[in-house]
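In what follows, a single structure is set out as structure tokens and then discussed.
The numbers here are math on the coordinates, done by the rules we state, and not lab data. Just so you know, these numbers come straight off a predicted model, no measurement behind them. Cβ atoms come from the backbone with ideal geometry, glycine included; neighbour counts cover every protein chain shown.
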Amino acid sequence: MSAADIQLDDQGRLRHFIAIEGLPRALLTQILDNAERFAPVGDRTVKKVPLLRGRTVANLFFEPSTRTRTTFDLAAKRLSADVLNLNIEASSTKKGESLADTLRNLEAMQCDMFVVRHQVSGAAHFIAQQVAPYISVINGGDGRHEHPTQGMLDAFTIRRHKQDFTRLKIAIVGDVAHSRVARSNIQALKILGVPDLRVVGPKTLIPPAIDAMGVTVYDDLDEGIRDCDVVITLRLQQERMQSALLPSAHEYFREYGLTADRMRLAAPDAIVMHPGPINRGVEIDSAVADGAQSVILQQVTYGIAVRMAVMAMILGSQAQAGAA
Amino acid sequence: MSAADIQLDDQGRLRHFIAIEGLPRALLTQILDNAERFAPVGDRTVKKVPLLRGRTVANLFFEPSTRTRTTFDLAAKRLSADVLNLNIEASSTKKGESLADTLRNLEAMQCDMFVVRHQVSGAAHFIAQQVAPYISVINGGDGRHEHPTQGMLDAFTIRRHKQDFTRLKIAIVGDVAHSRVARSNIQALKILGVPDLRVVGPKTLIPPAIDAMGVTVYDDLDEGIRDCDVVITLRLQQERMQSALLPSAHEYFREYGLTADRMRLAAPDAIVMHPGPINRGVEIDSAVADGAQSVILQQVTYGIAVRMAVMAMILGSQAQAGAA
Amino acid sequence: MSAADIQLDDQGRLRHFIAIEGLPRALLTQILDNAERFAPVGDRTVKKVPLLRGRTVANLFFEPSTRTRTTFDLAAKRLSADVLNLNIEASSTKKGESLADTLRNLEAMQCDMFVVRHQVSGAAHFIAQQVAPYISVINGGDGRHEHPTQGMLDAFTIRRHKQDFTRLKIAIVGDVAHSRVARSNIQALKILGVPDLRVVGPKTLIPPAIDAMGVTVYDDLDEGIRDCDVVITLRLQQERMQSALLPSAHEYFREYGLTADRMRLAAPDAIVMHPGPINRGVEIDSAVADGAQSVILQQVTYGIAVRMAVMAMILGSQAQAGAA
């Protein structure tokens with residue numbers, strides 16, 4: 001069973017959000033349209049709507065991530081849900097309880113949604129297959145697989161600035177091989193119709209079969225970003241800098257660091273994105289990260305609107321299913 | 001002063017919930033009846049009632065327990081209370097503050113209720129004696145003494161399945177000596193009128209004077225569960241498995257592990273309970289824990305309803321006292 | 001730019017609350033008057049007002065403090081705000097993110113207020129200078145600089161008991177040199193018109209130029225508290241007891257510990273205060289800390305009302321600014 005099969009109910013509505021791969025373009029567009037409706041909530045004095053009042057959202061973080069957990073936490077609270085923040089690593093294994101038993105217990109507590117972050121690819125899918133029918137799972141990042149809400153918030157940011165996906169040249173730069181963000185971005189942008197999608201990086205950090213996903217591979221940064229409307233830089237994990245895959249952070253910056261000079265090769269109105277946290281002076285120069293073309297902080301803001309949209313769509317369709 | 005004296009106000013209403021020992025049957029029945037009214041809340045889309053809006057519940061966990069803390073947290077949130085989760089071990093001792101000073105400070109913050117989990121027997125009682133008159137204490141488990149909400153949720157689970165306590169044969173199997181759950185179960189089930197209550201386990205794990213509590217002691221599992229309507233298995237703590245009291249986990253399972261074969265000795269419609277977390281293959285076989293007779297996950301669900309009932313009863317009587 | 005400049009908007013309304021130094025007396029009086037209005041909320045059954053519903057308050061604690069965090073948390077919740085509790089030390093540095101990037105991300109999540117606790121003097125001011133115009137900063141204690149809500153809750157406690165600041169003799173006793181509480185107290189009480197303000201302690205713990213703040217220095221406790229209406233004892237940090245500045249905790253208590261005997265030198269109706277947590281038998285004797293003249297626990301209670309007042313004033317003026 002592919003992730004796509006498990007994600008939609010028999011009316012084609014979102015039931016889990018595990019991966020962007022395989023979802024129909026109409027559904028992605030619906031997420032973006034709903035996020036447009038939630039975006040103004042964050043600008044209001046009362047940043048709260050009563051949509052999910054009395055629902056219970058459990059953040060199950062097997063891998064720590066303050067930033068992602070915080071944005072899911074805020075998204076749920078702004079929808080008026082009750083939130084449980086559980087550091088599963090610390091809690092479940094201490095008493096020798098299995099993951100399955102931990103999940104069944106949370107189900108028995110009548111949670112409505114699990115947001116799952118896990119270092120193992122496929123963990124969110126596995127959990128979605130296991131859980132009771134009244135529980136929905138959102139993947140908050142699983143290993144090197146996908147980080148679908150990040151993929152959608154990136155698409156939302158691009159649409160806000162560039163409107164029509166079908167005319168864009170977009171480059172994804174950096175450690176594509178180890179990046180679930182890159183994978184979700186590629187899936188989303190291909191489905192949404194981006195005609196010229198490129199991945200740029202040293203050969204050691206580009207998966208060999210990536211062109212099967214419909215992208216063009218560049219190992220030269222100048223070539224890769226030339227005339228692009230959007231440049232998405234990826235975080236270089238610190239463990240990668242110390243590995244044999246790369247000579248050094250300094251050398252990486254010389255070859256693949258995004259500088260103001262290099263950005264002149266992109267389209268004049270190009271935007272620069274990054275999923276954060278930024279390694280300044282490694283994958284991106286501060287002048288670019290903080291410059292006029294950067295939309296990096298907008299991505300964070302839009303991330304809450306996109307997560308609100310996904311949660312509301314999923315728990316809304318759950319409610320209808322329950323009423324039926 | 002016994003726990004019973006401190007628990008009831010002069011109208012006989014629940015003021016603290018420290019121990020089941022000494023409480024009148026009518027009060028236990030009232031808790032069960034109120035829990036019946038709260039149980040449907042968890043099944044609704046909006047799992048929330050406004051009963052304790054604006055009340056402050058502080059979870060004071062001196063001993064970590066994600067599961068118990070989470071169910072109290074959810075119970076309070078579903079009653080619309082504000083919840084403070086405090087890991088007291090970490091916070092108070094660091095600055096050399098005494099327990100008494102920590103409690104007085106929380107009182108001064110105008111909390112309404114402390115849920116106390118502590119490794120020392122009597123800790124919740126001690127705290128209830130110390131606190132200001134406007135604070136109520138719920139014992140979330142103290143040493144080897146009692147875990148009264150667990151006792152009541154077990155009684156609730158049994159009543160849901162077996163209705164009339166006065167016709168039942170019930171066996172409690174395992175490490176009775178170190179189990180506050182067993183102690184609360186015995187108190188609750190004796191008060192509620194169970195005529196045939198048995199404890200089953202190796203002599204090293206059965207307290208010598210336990211028959212004074214009105215139970216029959218068995219050291220043979222087959223004899224102990226024969227014809228029982230309910231079999232409650234207890235968790236075998238890992239430190240016990242390594243102690244001199246037991247030969248090994250493997251041997252324990254051979255003698256006292258609940259298997260499908262053995263369950264055939266119990267009544268045909270017997271239910272199997274466990275307070276969790278389960279040690280599969282130690283005190284219970286997976287085939288039984290996950291089988292048709294198991295109500296282990298229902299216990300978790302009912303636990304929230306029972307905790308909501310106890311919190312609402314206590315803070316409701318507090319409110320009336322305040323209004324008088 | 002001084003802290004005072006950054007704290008007020010061009011209408012003279014409170015925008016940040018970083019330090020008491022430089023604020024006008026009318027503003028401090030307004031905080032005290034507003035706190036009077038919030039104080040009854042904590043006595044009610046429903047301890048909640050809807051003033052900050054839908055606002056997001058982030059507690060950024062770079063230095064752990066359960067007590068201060070908890071009172072800010074409760075103050076925000078009783079104003080109906082949503083609260084994020086972030087242990088910044090643990091989260092941001094792990095991934096090598098700079099403080100500035102962490103703050104920008106929290107801004108992008110559309111928080112309304114940061115409560116900042118930091119071990120470095122000036123940190124809250126620095127952050128207030130950096131943040132987006134729609135974010136307000138409250139200093140929850142920065143190094144040895146100020147702890148302005150503590151200063152105001154102390155002033156509130158004094159006013160409740162002694163009404164007119166302009167007739168009072170007040171002694172601040174102990175480690176003034178390392179105490180942000182002492183600094184905020186001195187600022188607040190001078191601005192509010194206390195004519196006789198004294199600091200009392202060993203020469204090694206009194207800053208040399210402190211008399212420039214308008215206080216009289218005493219190194220003899222008996223002289224220092226003679227006829228005082230208020231005696232504020234300061235916590236002696238444990239690291240100080242082990243340092244070369246002091247002979248020993250025992251000797252400190254003999255010279256500067258507040259005992260019942262010594263309190264007879266103060267005015268007969270004098271009150272005793274302490275910011276907590278108390279070192280019993282070091283800076284204060286239990287007979288005094290728990291005695292009839294002690295208002296130490298009232299300080300904790302009033303602290304919530306004062307923090308509610310400050311939060312409501314700041315976010316209220318923000319809302320008006322937003323509406324304009």
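Where the only charges are on Cβ atoms (+1 Lys, Arg; -1 Asp, Glu), what is the dipole of the protein assembly as shown about its Cα centre, to the nearest 20 debye?
On the way: 108 positive and 108 negative charges, 389 e Å.
Using Cβ point charges on Lys, Arg, Asp and Glu, the protein assembly as shown gives about 1860 debye.
Shortest first and in nm with one decimal, please list how far the A:Ser286 label point sits from its counterparts in the other copies (point 7 Å along Cα→Cβ).
5.5, 5.5
Taking every DSSP beta bridge with both residues inside the protein assembly as shown, roughly what % is antiparallel (nearest 5)? Before the final figure, lay out each step's value.
On the way: 6 of 111 bridges.
Bridges in the protein assembly as shown are about 5 percent antiparallel.
For A:279-288, what's the mean count of beta carbons from other chains sitting within 10 Å of each residue's beta carbon?
Values: counts 3, 5, 0, 1, 0, 0, 0, 1, 0, 0.
That average works out to 1.
Rounded to the nearest 500, what is the 222 nm mean residue ellipticity of chain C from helices alone, with -39500 (n - 2.57) per DSSP H run of 4+ residues and division by all residues? Mind dumping the intermediate values first?
Details: 14 runs with 135 residues, N = 324.
Helix-only estimate at 222 nm: -12000 deg cm²/dmol.
Pick from A:Leu297, A:Leu32, A:Leu234: which residue has the top mean-square fluctuation in a GNM of chain A where Cα pairs under 10 Å get a spring?
A:Leu297
Put a label point 7 Å from Cα along the Cβ direction on B:Pro268, then list its distances to the equivalent points in the other copies in nm, shortest first.
Here B:Pro268 shows inter-copy label distances of 8.7, 8.7 nm.
Can you sort C:Ser179, C:Ser98 from fewest to most other Cβ atoms within 10 Å of each residue's own Cβ? Intermediate results must be reported in sequence, preceding the final value.
Values: C:Ser179 25, C:Ser98 14.
Lowest count first: C:Ser98, C:Ser179.
Can you say what percent of the DSSP beta bridges in chain C, counting only those with both residues inside, are antiparallel? Round to 5.
In chain C, approximately 5 percent of DSSP beta bridges are antiparallel ones.
Work out the charge dipole of chain C with +1 on the Cβ of Lys and Arg and -1 on the Cβ of Asp and Glu about the Cα centre, then indicate which of C:Leu153, C:Met213, C:Gly122 is farthest towards its positive end.
Comparing the listed Cα positions along the dipole, C:Leu153 ranks first.
Go through region A:9-65 and name the trypsin sites (Lys or Arg not before Pro) that are in a DSSP coil and have 15 or fewer other Cβ atoms within 10 Å of their Cβ. Display every interim value, and only then the final one.
On the way: sites: A:Arg13, A:Arg15, A:Arg25, A:Arg37, A:Arg44, A:Lys47, A:Lys48, A:Arg53, A:Arg55; in loops: A:Arg13, A:Arg15, A:Arg44, A:Lys47, A:Lys48, A:Arg53, A:Arg55.
Listed in order of number, the matching sites are A:Arg44, A:Arg53.
For region B:220-282, what relative contact order do you get, as a whole percent, if you take Cα pairs closer than 8 Å and at least 6 residues apart? List each step's numbers first, then the result.
Working: 62 pairs, mean separation 34.9, N = 63.
Relative contact order of region B:220-282: 55 percent.
Let me check I've understood the local charge: for B:Ser121, count other residues with C-beta under 13 angstrom from its C-beta, Lys and Arg +1, Asp and Glu -1. What total comes out?
Cβ neighbours under 13 Å give a net charge of 0.
What is the sum of charges, Lys and Arg at +1 and Asp and Glu at -1, for the other residues whose Cβ falls under 10 Å from the Cβ of A:Leu197?
On the way: positive: A:Lys169, A:Lys190, A:Arg198; negative: A:Asp196.
Every neighbour counted, the sum reads +2.
Taking the Cβ of A:Thr259 as the center, what net charge do the other residues with Cβ under 15 Å away carry, scoring Lys and Arg +1 and Asp and Glu -1? Intermediate values should be presented prior to the final figure.
Values: positive: A:Arg226, A:Arg254, A:Arg262, A:Arg264, A:Arg280; negative: A:Asp220, A:Asp222, A:Glu251, A:Glu255, A:Asp261, A:Glu283, A:Asp285, A:Asp290.
Once positives and negatives cancel, what remains is -3.
Could you tell me which of rounded, prolate or oblate describes region B:196-277, using a ≥ b ≥ c as the square roots of the eigenvalues of the alpha-carbon gyration tensor, with rounded for a/c under 1.5 and, failing that, prolate when a/b is larger than b/c and oblate otherwise?
Working: a/c = 1.81, a/b = 1.25, b/c = 1.45.
Oblate shape, in that a/c is at least 1.5 and b/c is the bigger or equal ratio.
For the charge dipole of the protein assembly as shown, defined by +1 on Lys and Arg C-beta atoms and -1 on Asp and Glu C-beta atoms about the Cα centroid, which residue among A:Gln187, A:Pro40, B:Val199 has the Cα displaced farthest towards the positive pole?
The Cα lying farthest towards the positive end belongs to A:Pro40.
How far apart, in nanometres, would the label points at C:Lys203 and C:Arg226 be if each is projected 7 angstrom from Cα along the Cα-to-Cβ direction?
Result for the modelled spin labels: 2.1 nm.
Run the dipole for region B:77-195 about the Cα centre, Lys and Arg Cβ at +1, Asp and Glu Cβ at -1, nothing else charged, and hand back the magnitude in debye, nearest 20.
Working: 15 positive and 11 negative charges, 120 e Å.
Here the size comes out at about 580 debye.
Which residues in region A:100-126 place their backbone N less than 20 Å from a point set 7 Å from the Cα of B:Val46 along the Cα-to-Cβ direction?
A:110-113
If the elastic network links every pair of Cα atoms under 10 Å, which of C:Asp112, C:Asp164, C:Asp261 fluctuates the most in the Gaussian network model of chain C?
C:Asp261
Charges only on Cβ, +1 for Lys and Arg, -1 for Asp and Glu: so what's the dipole of region B:144-214 about the Cα centre, in debye to the nearest 20?
Working: 11 positive and 6 negative charges, 23 e Å.
Approximately 120 debye in magnitude.
Specify the angular offset, from 0 to 90 degrees and rounded to the nearest 10, of the alpha carbon long axis of helix C:66-78 from the longest principal axis of the alpha carbons in chain C.
Approximately 50 degrees, to the nearest ten.
Report relative contact order for chain C in percent, whole number only (criteria: Cα-Cα under 8 Å, sequence separation at least 6).
Values: 607 pairs, mean separation 63.0, N = 324.
That works out to 19 percent.
Name the residue farthest towards the positive end of the dipole of region C:226-318 from the options C:Gln242, C:Ile284, C:Leu265, assuming +1 on Cβ of Lys and Arg, -1 on Cβ of Asp and Glu, about the Cα centre.
Farthest towards the positive pole: C:Gln242.
Can you give me the angle between helix C:180-191 and the longest principal axis of chain C, using Cα atoms only, in degrees from 0 to 90, rounded to the nearest 10?
Its long axis makes an angle of about 90 degrees.
Would you work out the Kirkwood radius for the protein assembly as shown? I mean one over the mean of 1/r across all pairs of different Cα atoms, in Å. Before the final figure, lay out each step's value.
Working: mean 1/r = 0.0325 Å⁻¹.
So the Kirkwood estimate lands at 30.8 Å.
Going by the rotation axis that takes chain B to chain C, pick out the residue of B with the closest C-beta and quote the gap in whole Å.
Taking Cβ atoms only, the nearest residue and its distance are B:Asn85, 6.
What percentages, rounded to whole numbers, describe P(r) for chain C computed over all alpha carbon pairs with 20 Å bin width beginning at zero?
33, 57, 10
Partner chain Cβ atoms within 10 Å, averaged over the residues of B:299-307 - can you pull that number for me? Show your work: numbers first, answer last.
Values: counts 2, 7, 5, 1, 2, 3, 1, 0, 0.
For this peptide, the per-residue mean of nearby foreign Cβ atoms is 2.
Residues in region B:107-149, backbone N under 14 Å from the label point at B:Glu239 (7 Å along the Cα-to-beta-carbon vector): list them, ranges by number please.
From region B:107-149, the list is B:118-121, B:142-145.
Sort B:Leu51, C:Leu103 so that the residue with the fewest other Cβ atoms within 10 Å of its own Cβ comes first and the one with the most comes last. Write down the numbers at each step before the final one.
Numbers: B:Leu51 17, C:Leu103 24.
In order of increasing Cβ crowding within 10 Å: B:Leu51, C:Leu103.
Nearest 10 degrees, 0 to 90: what angle lies between the long axis of helix C:25-38 and the longest principal axis of chain C (Cα atoms)?
80
Is region B:157-312 rounded, prolate or oblate when judged by the Cα gyration tensor, a ≥ b ≥ c being the square roots of its eigenvalues, rounded requiring a/c under 1.5 and prolate requiring a/b larger than b/c? Before the final figure, lay out each step's value.
Values: a/c = 1.35, a/b = 1.29, b/c = 1.05.
Taking the square roots of the gyration eigenvalues as a ≥ b ≥ c, region B:157-312 is rounded.
I'd like the distance between the alpha-carbon centres of region C:104-148 and region A:181-202, rounded to an integer number of Å.
For region C:104-148 versus region A:181-202, the Cα centre distance is 38 Å.
Please give the Cα centre distance for region A:1-48 versus region C:238-304, rounded to the nearest Å.
If you average the Cα positions of each part, the centres end up 59 Å apart.
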